[in-house]
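Each remark here refers to the structure printed beneath this line.
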Amino acid sequence: TADAAEYALWLGDDALVLAQCLGWWISRGPELEEDMALANIALDLLGHARSLLSHAGTADGRTEDDLAYWRDEREFRCAQLAELPNGDYAHTLVRQLAFAVFQVELYDRLQESSDATLAAIAAKAAKEVAYHREHSTEWFRRLALGTDDSRRRLLTALEHVWPYVGDLFRDEPLLDRLEGVAVRPSTLRAPFDQAMGALAAETGIELPDPDLARGGGRHGIHTEHLGLLLAELQVLARAHPGATW
Amino acid sequence: TADAAEYALWLGDDALVLAQCLGWWISRGPELEEDMALANIALDLLGHARSLLSHAGTADGRTEDDLAYWRDEREFRCAQLAELPNGDYAHTLVRQLAFAVFQVELYDRLQESSDATLAAIAAKAAKEVAYHREHSTEWFRRLALGTDDSRRRLLTALEHVWPYVGDLFRDEPLLDRLEGVAVRPSTLRAPFDQAMGALAAETGIELPDPDLARGGGRHGIHTEHLGLLLAELQVLARAHPGATW
Amino acid sequence: PDGRARFDELIAADSRIEPRDWMPAAYRKNLVRQISQHAHSEIIGMQPEANWISRAPSLKRKAILMAKVQDEAGHGLYLYSAAQTLGTPRDEMFQALVDGRARYSSIFNYPTLGWADMGAIGWLVDGAAICNQVPLCRASYGPYARAMVRICKEESFHQRQGFEILLELMHGTPAQRAMAQDAVDRWYAPSLMMFGPPDEESVNSQQSMAWNIKRFSNDDLRQRFVDMLVPQAEALGVTLPDPDLRFDEATGHWAYGELDWHEFQEVLGGRGPCNTQRLAHRRAAFEDGAWVREAAAAYARKQADAAEQAA
Amino acid sequence: PDGRARFDELIAADSRIEPRDWMPAAYRKNLVRQISQHAHSEIIGMQPEANWISRAPSLKRKAILMAKVQDEAGHGLYLYSAAQTLGTPRDEMFQALVDGRARYSSIFNYPTLGWADMGAIGWLVDGAAICNQVPLCRASYGPYARAMVRICKEESFHQRQGFEILLELMHGTPAQRAMAQDAVDRWYAPSLMMFGPPDEESVNSQQSMAWNIKRFSNDDLRQRFVDMLVPQAEALGVTLPDPDLRFDEATGHWAYGELDWHEFQEVLGGRGPCNTQRLAHRRAAFEDGAWVREAAAAYARKQADAAEQAA
């Protein structure tokens, strides 16, 4: 249905935009192992994006590439959190941690979706995002408890990134029409808060207000970062309409 | 003629790409006065670019916007120096200083071009680039003689940027066909070296080898930076083929 | 001479107070607050438009936009200068901005999501600013009033350019028209809220009016703005996103619907779409530029020392 | 046991030298140089392709390209590990790279100016690398030979992907075909020069051959590569940019034109198109990441201390 397609688009756009952001780190990581780890996560997310966008496109006959390359900024449905700039490694890490913890809970429940394709995508993704969470959690500990500088940078990153987290958990009206198909974001809030609360307590970090930013990505209201990100993502495909690659 | 048009394209692309790079600084300068100064220089250069591209386009009926927005990377003719990334303020300053000193000499001589349009553009530009040179020269002194940190940053910037300077002075075969119309770049080398040599001596700075980089912008061989720069410059215009703004 | 009496006399005569004149501490404080906020707004207001300089769809538009954003930097500078005549150094005001202790106009906490936003900002935001600022050209404090004269002249130029951007889009392709309407949909209500809360909730207004700084109430200015917009919207062919908008024969004014003052308070309270981003952008520029400013200061000192020794 | 005699025996029998075996200092030094250069090439070689990850024209191609660049990081890591078995720590080798004291393959000092470059790099650069590396799978030093086996397997996969990119472009629009030809025009000669200078000018080769590290001469490998390319170019429909290329009935090989060894020396000497950029990119990543590595090290120390105290 068109509603399920719209929902798949939300999740697919999150994954696509995150993968695009993480891809920048390949050849720029703080160490070679991290180049590889970030590439791995980006590849997983890109895989999720492809499955989700393909599924979204079945509703009206569009391919994953039609959706990735030929929609404008206002048609994208990613949460604003996904589009935030990479910043330094701490910014990327905080963004990624929030998404990984969210996605672990999401895909865990989405496996029971009455939409068999969504359930199958979720089952595969669940294993991968569990690794992403582990990776990000471990780095959160390292930055929080490593040096004064790393802790300071982590706090700055939290201050910039955390305001956008709350938006992930808003129950948009669409969800009312997808009972049994989609997972209500609000139901993921408690386990998310618990997981993050435990990590924060363990590391003595105070998390900022997650509801400070306005959000609106699900309605096509984005930050000013997305436009430039899409310009780069889409430039080549759009220069050659109709071409195959 | 097509040759004169090609020459106008070279100079126009230099100015356009530089203006695009400098435009980034507006709202990001080290102080408000510098936001304004860089915007001023960018505006002057954009003005030169518009005149030069319009002139280049008369040969085959293309407008300034056709040339700015609808050519691909390999069709651009700017020197690689123009495309180098902004980096920190020192990188931008060194790039701009080299261009300003070059352009002062260039437009001084180009006023005697037998191509009346080129001569008129040069006459107007000459006054403006004289100000650009003054601005950059003064900042070069400040950075060279200000603090240890600023001097160190200036030296790093020179190391990255100066290798691309020599390319500005190469006499490409095209020049042989434009006797009296164009200015032979090689004839600008001595006054450039003299001006820069004096500034370097005054500030106790040793200039690196200006011929280290390969160059090739006049033949459409660019650095990897230009593609991304053009993606951003052209994205909106290309999303709406045939539209007017 | 009795400073207080002379001040009251000048105000009563609707004359100008100048920097060297005696003035009540509260008048001075109120002006510093207002002028520096105004300056900060110009500086933060550069960002939403600077965001599109690199992507402007024609070289002509790029040049116009660059020049406009540059003008805003210039306005910020005039206004800081005007505020400085009241004894507060510019560095102190700027530091307050960077530290997040100072206010600026909430409108600049909205994102620019498309090229048409350049039109909507010019038409609506600069339009509202002009309505606000034209009366300030007669403000009782001389340096502020004079800065306003100059700024208003340039702003009205900017407003016309914004209108032209939208007009061009509305005469363009369907995609361009949709872009223009989308931008107007997003910027209309926020621009109406630029005049501040309704009169019954506006705290500082009474005193500012008594001092001849403010001349009209928030609601009066807002009404004037709406009355101006309606025919312009018609000329453009855009729809103003207010289903309650209607001409009231009785008052001779356009009645408009309820505005979302909760949203206004949210944005004011730091929970707008771009509050964090705008401040972070300005702070990053300030911090990244510290070494440059230090170099310039050190060089100036060295030059001065050398000149002194030579003398 | 006499180490030298045993070493000579093993070499004579074309057997493997392992890390704990005695080996001549010159053999060790030569291997560290070669293996670390090879590792550096993988690491620097990530950049020209990473440049197009963000712009890959389909999601499938983006995924393939990301995976490929990731493989290169992996190759770098295997190779550093192999070199470490010879007693040189990875940090030391990496520092030499970042400081510009170490060499890497000159080919990566050329820029990637279009998407088709991803195809040309896979087909030509990885192709040449494979020709070079397959014989190294039998190199006398065990850890190096084993790393090469694994790397060659992945490289041949990469080469096929590169070929496929070009094939798709050659079956595409005229613009796509032009793009493919342009990339081949730019990468062909540099890829031939990857085998190193002509045999009569190659200094290190003789000793490497004697030690069973190198198995074939530069010119032999280059000839093998050209012979392999010609039919593949035909299958693709691209023209190899060498007017002197012709089949020599007498030798049964494809004769090719003079290569520009002056250019080769220029690039080797730091005057290639991207030498400065490649090193600056890696150095910036290294420096920007210093605080992250320090945090990880500090955390690991604290964890170890805590574990010790608990014990």
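The values are calculated or read from the model by the stated rules, or taken from the named source; none is laboratory data. It should be emphasised that the depicted structure is a prediction, and the values quoted were computed from it without experimental measurement. A quick note on method: Cβ atoms are made from the backbone with ideal geometry, for glycine too, and the neighbour counts reach across all protein chains shown.
List of remarks:
- The condition (being within 14 Å of chain D (Cβ to nearest Cβ), surrounded by 16 or more Cβ atoms within 10 Å (Cβ to Cβ) and touching a residue at least 24 places away in the same chain (Cβ under 8 Å)) is satisfied by just one residue among A:157, A:195: A:157.
- Any chance residue A:177 is surrounded by fewer than 16 Cβ atoms within 10 Å (Cβ to Cβ), touching a residue at least 40 places away in the same chain (Cβ under 8 Å) and over 18 Å from residue A:189 (Cβ atoms): yes
- Residue within region C:80-89 that is modelled with pLDDT under 95, part of a helix (DSSP H, G or I) and at negative phi present: no
- For residue D:60: the one exception among (1) of a type in the set (Lys, Arg); (2) within 9 Å of chain A (Cβ to nearest Cβ); (3) surrounded by fewer than 19 Cβ atoms within 10 Å (Cβ to Cβ); (4) in contact with a helix residue (DSSP H, G or I) (Cβ under 7 Å, 6 or more places away or on another chain): (4)
- Inspection of region C:157-169 finds a residue satisfying the criterion of being of a type in the set (Val, Ile, Thr) and within 13 Å of chain B (Cβ to nearest Cβ).
- Residue, surrounded by the fewest Cβ atoms within 10 Å (Cβ to Cβ), within region B:8-26, restricted to residues that are farther than 16 Å from residue B:234 by Cα and over 10 Å from the mean Cα position of the chain (by Cα): B:25
- Scanning region C:25-34 for residues that are within 15 Å of residue B:35 (Cβ to Cβ) and in a helix (DSSP H, G or I) turns up nothing.
- Which numbered condition residue B:59 fails, given (1) of a type in the set (A, V, I, L, M, F, W, C); (2) surrounded by fewer than 24 Cβ atoms within 10 Å (Cβ to Cβ); (3) within 13 Å of the chain's Cα centre (by Cα); (4) within 30 Å of residue A:239 (Cα to Cα): (3)
- With respect to (1) of a type in the set (S, T, N, Q); (2) in contact with a Phe, Trp or Tyr (Cβ under 9 Å, 6 or more places away or on another chain); (3) under 28 Å from residue B:221 (Cα atoms); (4) touching a residue at least 40 places away in the same chain (Cβ under 8 Å), the lone exception for residue B:186 is condition (4).
- Residue, surrounded by the fewest Cβ atoms within 10 Å (Cβ to Cβ), within region D:240-277, restricted to residues that are among the hydrophobic types (A, V, I, L, M, F, W, C) and more than 30 Å from residue A:28 (Cβ to Cβ): D:250
- Residues that are more than 12 Å from residue A:125 (Cα to Cα) and in a helix (DSSP H, G or I) within region A:23-49 comprise A:23, A:32, A:33, A:34, A:35, A:36, A:37, A:38, A:39, A:40, A:42, listed in sequence order.
- Screening residue A:47 on (1) over 13 Å from the mean Cα position of the chain (by Cα); (2) surrounded by fewer than 21 Cβ atoms within 10 Å (Cβ to Cβ) shows it passes everything except condition (1).
Matching residues to (1) under 30 Å from residue C:171 (Cα atoms); (2) away from chain A (no Cβ under 14 Å):
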{"site": "B:209", "(1), (2)": "no, yes"}
{"site": "B:217", "(1), (2)": "no, yes"}
{"site": "B:222", "(1), (2)": "no, yes"}
{"site": "B:227", "(1), (2)": "no, no"}
{"site": "B:232", "(1), (2)": "yes, no"}
{"site": "B:236", "(1), (2)": "yes, no"}
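- Cβ-Cβ contacts under 9 Å between residues 6 or more apart (or on different chains), taken from a first residue in region A:53-75 that is away from chain D (no Cβ under 14 Å) and touching a residue at least 24 places away in the same chain (Cβ under 8 Å) to a second residue that is hydrophobic (A, V, I, L, M, F, W, C) and surrounded by fewer than 15 Cβ atoms within 10 Å (Cβ to Cβ), are listed as A:59/A:2; A:60/A:2; A:72/C:175.
- Looking only at region A:135-150, and only at residues there that are in contact (Cβ under 8 Å) with a residue 24 or more places away in the chain and over 18 Å from residue A:101 (Cβ atoms), the one that is farthest from the other protein chains (Cβ to nearest Cβ): A:145
- If you go through region A:209-243 and pick out every residue that is of a type outside the set (Gly, Ala, Ser), in contact with a Gly (Cβ under 9 Å, 6 or more places away or on another chain) and farther than 22 Å from residue A:23 by Cβ, you end up with 6.
- Qualifying residue in region D:3-20 (condition: without any contact (Cβ under 8 Å) to a residue 12 or more places away in the chain, within 11 Å of another protein chain (Cβ to nearest Cβ), on the phi < 0 side of the Ramachandran plot and outside any helix (DSSP H, G or I)): no
- Counted residues, region B:200-231 - those being in a helix (DSSP H, G or I) and surrounded by 18 or more Cβ atoms within 10 Å (Cβ to Cβ): 9
- Being more than 30 Å from residue B:140 (Cβ to Cβ) and either in a helix (DSSP H, G or I) or free of Cβ contacts under 8 Å to residues at least 24 places away in the same chain (or both) is a property that holds for residue C:247.
- When C:104, C:78, C:27, C:110 are checked against the criterion of being of a type in the set (Phe, Trp, Tyr) and farther than 30 Å from residue C:189 by Cα, C:27 stands alone in meeting it.
- Taking (1) more than 14 Å from chain A (Cβ to nearest Cβ); (2) modelled with pLDDT under 95 in turn, residue D:274 satisfies each apart from (1).
- If you go through region D:44-57 and keep only what is facing chain A (nearest Cβ under 7 Å) and in a helix (DSSP H, G or I), you end up with D:46, D:47, D:50.
- Sub-9 Å Cβ pairs linking a first residue in region A:31-45 that is more than 7 Å from every other protein chain (Cβ to nearest Cβ) and touching a residue at least 60 places away in the same chain (Cβ under 8 Å) to a second residue that is outside any helix (DSSP H, G or I) and not hydroxyl-bearing (Ser, Thr, Tyr), at least 6 apart or interchain, are A:37/A:29, ordered by first then second residue.
- Hits in region C:95-115 - residues which are assigned to a helix (DSSP H, G or I), within 14 Å of residue C:283 (Cα to Cα) and touching a residue at least 60 places away in the same chain (Cβ under 8 Å): C:96, C:97, C:98
- Which listed residue, of C:210, C:290, C:280, is within 14 Å of chain B (Cβ to nearest Cβ), of a type in the set (A, V, I, L, M) and exposed (fewer than 14 other Cβ atoms within 10 Å of the Cβ): C:290
- Within region D:167-217, tally of residues that are part of a helix (DSSP H, G or I) and at pLDDT below 95: 9
- The residues listed here are D:84, D:70; of these, the one that is within 15 Å of residue D:147 (Cβ to Cβ), surrounded by fewer than 24 Cβ atoms within 10 Å (Cβ to Cβ) and free of Cβ contacts under 8 Å to residues at least 40 places away in the same chain is D:84.
- Of the residues making up region D:123-135, one or more are β-branched (Val, Ile, Thr), without any contact (Cβ under 8 Å) to a residue 40 or more places away in the chain and closer than 19 Å to residue D:205 by Cα.
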